[in-house]
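All remarks here apply to the structure that follows.
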Amino acid sequence: MSSSEEETPLNAVKRKRVTSKPELALSESEDGLAAGSEKVKTPTTSFSEDESEDVPLKKRKTNSKATQSRPRVKKESPSSASVSPRKKNQQSKEPKIKKEDTPRVKTEDEAEEEEKYKWWEQQDLNDEIVWDTLEHNGVIFPPDYEPLPSHVKLIYDKKPVSLPPAAEEVAGFFAALLESDHAKNPTFQKNFFADFLEVLKENGGCPDAEITEFEKCDFSQMFEYFQKQKEEKKAISPQEKKRIKQEKEKMEEKYKFCLLNGRREQVGNFRVEPPGLFRGRGAHPKTGKLKKRVQPEDITLNLSKDAPIPPPPEGHQWGEIKHDNTVAWLAMWRENVLGSVKYVRFAQNSSLKGMSDFKKFEKARELKNYIDAIRKDYRAKLKSELMMDRQLATATYLIDVFALRAGGEKSEDEADTVGCCSLRYEHIFLKPPNTVVFDFLGKDSIRFYQEVEVDPQVFKNLRIFKKSPKKPGDNLFDRIDPSVLNKYFQSYLPGLTAKVFRTYNASKTMQDQIDLIKNEGTVNEKVVKFNAANRTVAILCNHQRTVSKNHEAGVQKINEKIEEMIWRKIVLKRMMLQQDKSLRKKDFKYFEEVDDMSKEEEQKIIERVLQKEKEKIEKRYERELLKLGYEELTKDEKAKKKEELAADHKSRLEKHKELEKTYKNEFKTGTYEIKPTQTVEKLQQQVEKIETRIKNTSLQLKDKEDNSQVALNTSKINYIDPRLTVMFSKKFNVPIEKLFTKTLREKFAWAIESADENWRF
DNA sequence: TGCAGGACTTAGGAGTAATTTG
DNA sequence: CAAATTACTCCTAAGTCCTGCA
């Protein structure tokens, strides 16, 4: 209760942030090592070098503006900015800023530094206008469809049929998925087939047959052709692969970057989505529908008024050109399946994305200062006379405690998934006295199943919300929806919404978990602990993944490995005893396990070990023979070599037989053949070695098991304040590379530079 | 004043590259 | 050194939340 209220409202939080910032400038060098070398290579783009001549006036203007408008202004700006989202100018808000704003001349250094613009060292995070100037090269379109060779056909009613290219393309989309779950999904089949028939009709139909029934379509020939193509692609030489890749990169280079306020920044998804079959998740009513090819005419570009308009593809026009600097997209088009809009945006490592990430986490940190009051309030409100208030309070409880999403209304032609406000009668089961079982499909049709104890009053309320005449299919919360809920949250803190609770609770959990970690062990052990902390967050947020097909097999394999190691260890210990029986008395515990393994078990393991060894020998021989086939030798040489190999192989096999005999004999008699070098000391060392290996492998197995159903990345990327990860890295001396991949390091550059080992969420 | 739709974040899986293993 | 395994990136669907409009 008396926790976070340290007289530290927003200012203190912010001040802390600001002061912690300038202290560390290390990451400069880190960056240099890791990504630097590649970064330097890239300036072949049309932007960058020629910048200075290319974009004269407005460039100057923006540059000066970019650097100029950030004197060390009030710390208020970040948070107050988010208070006034996209209203008219912020003039009324921060008049002072304008005044202090003396146009600075930019120094040489700044000009050179331009590439690595550190927005987080600036203070002005205005968010009405998102850019001053924006220049880019448009988008890349997927290649045109290439008809299949004439011997590859759709088989209809047992006969190969020809299709107009447009229809063949659609059939091909399905054929490519033939062995996936999609192709077995009746909805997918139905939607695909309907659209396929339509395209077929539009293009003159099939000359060879009247296609009317999905069941009579046989896509296997097409499928096999695609498989073969894949194989062929895989088989091309590595150099050739590299060359193709480089060529592609060169071609795409100019689309990869844009000029944002005169600075070079990366674009995210500059490739227009290719046509295909819509792969809706879960029981999506529209899954399988044809996603049509996007034409330049469908595309709206967004860039500066005076920026050059990228040329549309030969013989085409752009749909529309816009100059809207209140939005952060470079291009958009409307997609035909759901009628929603697709955007081409800045990359994750761009300053704009970084800023909004930063704001998101700062908003969540702000919630720290209100959470006690909010919790107190909703606990009281749980008993409110007003139904709406009760629902409000109960929903807030669920969001706060179980990290549920807000749960907006969904239309009929989407998958039936829910969040808090859209929970229905059938999604919760009440078990008195106060246990609730949640069972529903959330975002992406991921099942949320939890049996939990809740506050008694919450339990009572849920029972009331389920009372008749309510029945399955009815909303639990009938008086509220996300907008009501969010309005309620905003009364505490502007900008506070349901999703902020998820961010807050996730980061808070991570902080708490990190606080529990002791700074000991190897780097890898610490990484494992970090992942364990990460995992608690992922579990809180219900971030799941489907267990991979070969998970079970993988686990079994590791288990066998462990068994074998244990057996070897036991054998070593027996050897020790054989040399000195008195050892057993000296350390009974140490030798206890010698008798733990049952005879049957041991026999099985021995056989398995021998079997594996044998397989290895056979495989090796096969490989050697194969290799010999490629070698450029005369017939005689080859024959000779072959003989040698065969001899080697034979001797290995004999050795193996020998080993087999030894093992079996040892197993039968219980006495071991001990080499003179295997002194008791040596054996003991070996035991130690094998023990650490067992420990490591077991740890690895546990990690594998624990992670099999949990997706750690989503929380790492979206919910855990990256400064926590950086703090962990610095405090525990774990290289950040072990925690963030290259792309994440770029995305979170701001965090890597601004958090130290004492940073707290 | 409510709701459709625009703009943005969050999400898991497919595909590919890198690393380990046998 | 190839195959298996794991790590990481790319892709795009599916949410949230807000605004503007009727």
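A quick yes/no check of all residues on (1) in contact (Cβ under 8 Å) with a residue 12 or more places away in the chain; (2) surrounded by fewer than 18 Cβ atoms within 10 Å (Cβ to Cβ); (3) of a type in the set (Asp, Glu); (4) within 23 Å of A:ILE140 (Cβ to Cβ):
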residue: A:SER220; (1), (2), (3), (4): yes, yes, no, no
residue: A:GLU231; (1), (2), (3), (4): no, yes, yes, no
residue: A:ALA235; (1), (2), (3), (4): no, yes, no, no
residue: A:ARG243; (1), (2), (3), (4): no, yes, no, yes
residue: A:LYS248; (1), (2), (3), (4): no, yes, no, yes
residue: A:LEU259; (1), (2), (3), (4): yes, no, no, yes
residue: A:GLU265; (1), (2), (3), (4): yes, no, yes, yes
residue: A:ASN269; (1), (2), (3), (4): yes, yes, no, yes
residue: A:VAL272; (1), (2), (3), (4): yes, no, no, yes
*Would a scan of segment A:568-590 turn up a residue that is among the basic types (Lys, Arg), more than 16 Å from DNA strand B (Cβ to nearest atom), within 30 Å of A:ASP703 (Cβ to Cβ) and open to solvent by 40 Å² or more (accessible area, probe 1.4 Å)?*
yes
_Could you check segment A:185-203 and list, in sequence order, the residues that are in a helix (DSSP H, G or I) and within 31 Å of the chain's Cα centre (by Cα)?_
A:PRO186, A:THR187, A:PHE188, A:GLN189, A:ASN191, A:PHE192
_Top-ranked residue of segment A:403-419 - restricted to ones that are in contact (Cβ under 8 Å) with a residue 12 or more places away in the chain and open to solvent by 30 Å² or more (accessible area, probe 1.4 Å), ranked as nearest to A:VAL454 (Cα to Cα)_ = A:ARG405
*Report, by residue number, each residue of segment A:726-739 that is more than 15 Å from DNA strand B (Cβ to nearest atom) and under 19 Å from the mean Cα position of the chain (by Cα).*
A:VAL726, A:ILE736, A:LEU739
*Looking at (1) surrounded by fewer than 14 Cβ atoms within 10 Å (Cβ to Cβ); (2) at pLDDT 85 or above; (3) under 50 Å from the mean Cα position of the chain (by Cα), which is the one condition that is false for A:VAL687?*
(1)
*Which condition breaks for A:TYR370 when tested against (1) within 13 Å of DNA strand B (Cβ to nearest atom); (2) in contact with a Leu (Cβ under 8 Å, 6 or more places away or on another chain)?*
(1)
*What's the number of the condition A:GLY354 fails, among (1) open to solvent by less than 10 Å² (accessible area, probe 1.4 Å); (2) outside the structural domain of A:ASN718 (by TED's automatic domain parsing); (3) under 27 Å from the mean Cα position of the chain (by Cα)?*
(2)
*Those residues that are under 27 Å from the mean Cα position of the chain (by Cα) and outside any loop (DSSP other than H, G, I, E, B), I need them from segment A:132-173; list them, please.*
A:ILE140, A:PHE173
*Among the residues listed as A:GLY521, A:GLY473, the single one being open to solvent by less than 60 Å² (accessible area, probe 1.4 Å), without any contact (Cβ under 8 Å) to a residue 40 or more places away in the chain and on the phi > 0 side of the Ramachandran plot*: A:GLY521
_Condition first: assigned to a loop (DSSP other than H, G, I, E, B), out of contact with any Pro (no Cβ under 7 Å at 6 or more places or on another chain) and open to solvent by less than 20 Å² (accessible area, probe 1.4 Å). Now tell me which residues in segment A:712-755 satisfy that._
A:ILE720, A:ASP721, A:PHE732, A:VAL734, A:LEU739, A:PHE740, A:ALA755
*asked:* Out of the helices (runs of 4 or more DSSP H) lying entirely within segment A:474-559, which hold 2 or more residues that are within 11 Å of DNA strand C (Cβ to nearest atom) and over 25 Å from the mean Cα position of the chain (by Cα)?
replied: A:482-490
*Which residues, taken from segment A:279-301, are within 16 Å of DNA strand B (Cβ to nearest atom) and buried (at least 22 other Cβ atoms within 10 Å of the Cβ)?*
A:GLY280, A:HIS284, A:THR287, A:GLY288, A:ILE299, A:LEU301
*Name every residue in segment A:539-564 that is touching a Lys or Arg at 6+ places or on another chain (Cβ under 8 Å) and buried (at least 19 other Cβ atoms within 10 Å of the Cβ), in order of residue number.*
A:CYS541
*away from DNA strand C (no atom under 11 Å from the Cβ) and not aliphatic (A, V, I, L, M): does that describe A:GLU385?*
yes
*Could you say whether any residue in segment A:306-320 is within 15 Å of DNA strand B (Cβ to nearest atom) and open to solvent by 10 Å² or more (accessible area, probe 1.4 Å)?*
yes
_Residues that are closer than 13 Å to A:GLN227 by Cβ, more than 15 Å from DNA strand C (Cβ to nearest atom) and in a helix (DSSP H, G or I), drawn from segment A:174-184_ = A:ALA175
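The values are calculated or read from the model by the stated rules, or taken from the named source; none is laboratory data. Keep in mind the model is a prediction, meaning the values are calculated, not measured. Using ideal geometry, Cβ is built from the backbone for each residue, glycine included, and neighbour counts are taken over all protein chains shown. With ligands, DNA and RNA removed, areas are computed over all heavy atoms of the protein, side chains included. Shrake-Rupley method; radii C 1.70, N 1.55, O 1.52, S 1.80 Å.
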